[in-house]
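The values are calculated or read from the model by the stated rules, or taken from the named source; none is laboratory data. Keep in mind that this is a model prediction, so the values were computed, not measured. Positions of Cβ are backbone-derived with ideal geometry, glycine not excepted, and every protein chain shown enters the neighbour counts. Please note that ligands, DNA and RNA were not included when accessible areas were found on the heavy atoms of the full protein model with its side chains. Shrake-Rupley method; radii C 1.70, N 1.55, O 1.52, S 1.80 Å.
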Amino acid sequence: MKLSLDQHVRRATLWLWLTTLSLLFPAPSRAAQEEHLKVGVLANWGYRQAEERWQPMMDYLTAKVKGARFSVRPGSFEELNSALEAGEIEFIVTNPGQYLYLSNQFPLSWLATMRSRKHNGATYAIGSTIIVRADSDFRTLYDLKDKVVAASGRHALGGYQATVGLMHKLGMSPDDFFKEVKFLGFPLGPLIFQVRDRNIDAAITPFCTLEEMVEKGVIRAEEFRVINPSRPPGYDCQVSTQLYPNWSFAASEEVSYTLTKQITRALFELTPDHPAAIRAGTLGWTAPISQLKVIQLFSNLHYQNREISKWELLLEWMEANRKWGVVLALLFVIATLYHFWIEFKFRQKSDTLVETERELKRKAVQLERLHSAAVIGEIGAGLAHEINQPIAAINNYSEGGLVRLRSQTQPDTEMLALLDKINQQSQRAAAVVQRIRGLLKRRETVLERVNLLSLVDEGISLMKLELERHRVQIRTQVKGEPYFARADRVGMQQVLINLLKNSVDAISELNGHQGQILVELWFDEQRVHLKVTDNGPGFAEDPQTMMATFTTTKSDGLGLGLAICSDLVKAQEGEFSIHNNEGGHGCTAEIILTRANDA
């Protein structure tokens with residue numbers, strides 16, 4: 001049958017309209033119709049392992065629930081709590097302890113309880129296993145008193161809370177029973193490794209953690225022992241506490257009833273031989289079981305039915321009236337900050353006036369001292385340069401004499417020893433001169449590991465003739481375990497010699513007086529205290545003023561000794577102080593240096 005021209009036109013027009021409508025209003029794609037739902041899972045073996053374990057389960061739900069696409073969101077306890085509060089996840093798969101904790105803050109619907117693939121499909125598969133080294137002396141939980149233990153987290157039911165519940169039953173107080181509890185977080189492997197490496201005494205791990213790591217081949221079973229062990233009939237692992245219900249699958253209030261019903265049906269229909277069930281380590285899901293044991297545990301841990309303080313009542317009121325609470329808190333903070341700001345400005349103005357007056361006086365004194373220091377710096381630099389030449393000559397002559405004597409067949413040993421001492425002292429004098437030049441030029445001090453015991457012995461040896469000439473007795477006293485100090489050896493020897501020389505000079509002023517000097521070394525954990533105490537006349541003026549440049553009590557003194565000592569010690573990141581002894585006899589100079597790092 002032939003169509004007329006008019007019919008062809010009408011058909012063409014109809015086809016054109018249908019094409020236009022299809023372009024303007026395209027049919028929605030399957031991806032556009034799907035709702036993306038995120039399921040938070042507890043990543044107790046790490047994020048990657050959690051994704052590999054649970055993504056097949058999400059793919060299974062995607063295939064079973066029409067119009068929905070599921071993905072995994074692994075995280076720790078705290079991360080899952082924050083994600084649920086922020087609305088970033090719609091479902092959560094976790095232990096019943098965290099479920100009860102979250103259900104007290106957010107409306108959750110409990111859909112199903114997981115059946116463990118081990119233990120003949122048991123639904124009670126959460127507990128704590130306390131693990132120690134097999135060669136340790138720990139046999140019972142009582143043996144861990146004042147020991148260091150580790151756990152995955154404070155909110156972990158099997159990883160910590162079940163053990164705390166056991167300790168409550170045994171009359172122990174977890175807060176002061178252990179010396180320290182370290183919370184290492186996830187994954188769980190480092191808990192066992194810390195026990196193996198003797199970094200901790202015991203590890204509180206979730207049920208079957210030890211057996212799973214042995215099965216993976218990362219540890220050997222004979223190296224570890226379980227404290228308070230038991231193996232319930234039909235179970236594959238040892239446990240130290242009672243068992244609690246297995247993980248739960250829960251939904252937030254934002255998920256519709258229809259979708260929740262479909263997901264629950266899909267979970268119940270999951271067969272043990274399905275790849276998703278095998279990968280997740282489950283025989284399937286069953287109806288939610290009673291959480292009475294967990295509720296009783298939390299009650300024993302004082303998580304419930306405890307007396308509410310006024311502060312908690314205030315927090316609850318602020319939670320219920322969040323907007324007003326935020327406004328009041330903000331006003332309180334602003335008022336408090338304004339009050340402190342006004343008080344601060346008032347004190348600042350008052351302190352500024354007083355400090356300005358003091359600063360003017362200090363500037364005047366500093367100006368005078370800077371002028372004097374500039375003069376002594378020029379003189380000292382010239383002297384140091386001139387003294388270097390004779391010292392270098394003495395060093396060369398002594399070294400030449402040593403070479404000639406040592407080349408002889410039978411050298412004079414006494415002469416060798418004498419020339420060797422001359423050479424050593426010339427080298428020390430050169431080092432002191434260089435140190436003075438560096439001080440005058442403000443060069444940076446090079447700190448090294450210094451043995452203060454040998455340094456003190458050398459200083460006393462150098463002062464031996466001076467001490468004998470003035471009949472001064474000297475003795476040393478050491479407290480604590482000696483160690484190397486962080487200091488400049490030449491600078492410290494210069495300071496020590498100067499302090500000993502000052503003590504001898506002070507004692508020599510008292511005719512017929514039996515002089516005594518005590519050098520004390522006290523080593524504490526991080527600092528060493530070096531004290532030089534004499535029984536001379538002490539200072540007639542304030543000892544602190546004697547450390548100022550050009551201040552002296554000696555008729556032939558320049559007033560530079562103590563000032564240089566103070567500068568040298570400070571350059572070594574130390575502390576220097578001097579004071580008269582109690583009773584008015586003698587004075588004590590104290591140097592504090594830091595401990596050197598172990599080589």
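Cβ contacts < 7 Å: first residue over 12 Å from GLY491 (Cβ atoms), restricted to region 443-457; second residue modelled with pLDDT under 75, any location; separation 6+ or different chain. Result?
ARG449/ALA599
Considering only region 54-87, how many residues are within 33 Å of the chain's Cα centre (by Cα) and modelled with pLDDT under 90?
Residues that pass the stated criteria total 12.
For region 501-522, enumerate the residues that are among the hydroxyl-bearing types (Ser, Thr, Tyr) and within 46 Å of the chain's Cα centre (by Cα).
SER503, the sole residue that qualifies.
For (1) closer than 14 Å to GLN242 by Cβ; (2) modelled with pLDDT of 85 or more; (3) outside any helix (DSSP H, G or I); (4) not assigned by the TED database to the domain that holds PHE207, each residue gets a yes or a no:
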residue	(1), (2), (3), (4)
THR113	no, yes, yes, yes
VAL149	no, yes, yes, no
HIS155	no, no, yes, no
MET167	yes, yes, no, no
MET172	no, yes, yes, no
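Evaluate the following for TYR257: is it touching a residue at least 40 places away in the same chain (Cβ under 8 Å) and among the hydroxyl-bearing types (Ser, Thr, Tyr)?
Criteria not met by TYR257.
Of the residues that sit in region 390-418 and are open to solvent by 80 Å² or more (accessible area, probe 1.4 Å) and among the hydroxyl-bearing types (Ser, Thr, Tyr), which one is farthest from ALA429 (Cα to Cα)?
Per the criteria, the residue is THR409.
Only one of GLU51, GLU90, GLU34 is at pLDDT 90 or above and open to solvent by less than 80 Å² (accessible area, probe 1.4 Å). Can you tell me which?
GLU90
Listed here are the residues, each with its yes/no results for (1) assigned to a helix (DSSP H, G or I); (2) open to solvent by less than 60 Å² (accessible area, probe 1.4 Å); (3) in the same structural domain as LEU141 (by the TED database); (4) not polar (S, T, N, Q).
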site: MET213; (1), (2), (3), (4): yes, yes, yes, yes
site: GLU222; (1), (2), (3), (4): yes, no, yes, yes
site: GLY234; (1), (2), (3), (4): no, yes, yes, yes
site: THR258; (1), (2), (3), (4): yes, no, no, no
site: LYS261; (1), (2), (3), (4): yes, no, no, yes
site: THR264; (1), (2), (3), (4): yes, yes, no, no
site: ALA277; (1), (2), (3), (4): yes, yes, no, yes
site: LYS293; (1), (2), (3), (4): yes, no, no, yes
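In region 466-496, which residues are closer than 16 Å to VAL519 by Cβ, in contact with an Asp or Glu (Cβ under 8 Å, 6 or more places away or on another chain) and of a type in the set (D, E, K, R)?
Selection gives LYS479 alone.
For VAL504, are the conditions met, namely being more than 16 Å from LEU452 (Cα to Cα), open to solvent by less than 10 Å² (accessible area, probe 1.4 Å) and in contact (Cβ under 8 Å) with a residue 24 or more places away in the chain?
Judged against the criteria, VAL504 is a match.
For ASP201, work out the one condition from (1) of a type in the set (D, E, K, R); (2) within 27 Å of the chain's Cα centre (by Cα); (3) surrounded by fewer than 18 Cβ atoms within 10 Å (Cβ to Cβ) it doesn't fulfil.
Going through the list (1) of a type in the set (D, E, K, R); (2) within 27 Å of the chain's Cα centre (by Cα); (3) surrounded by fewer than 18 Cβ atoms within 10 Å (Cβ to Cβ), ASP201 breaks only (3).
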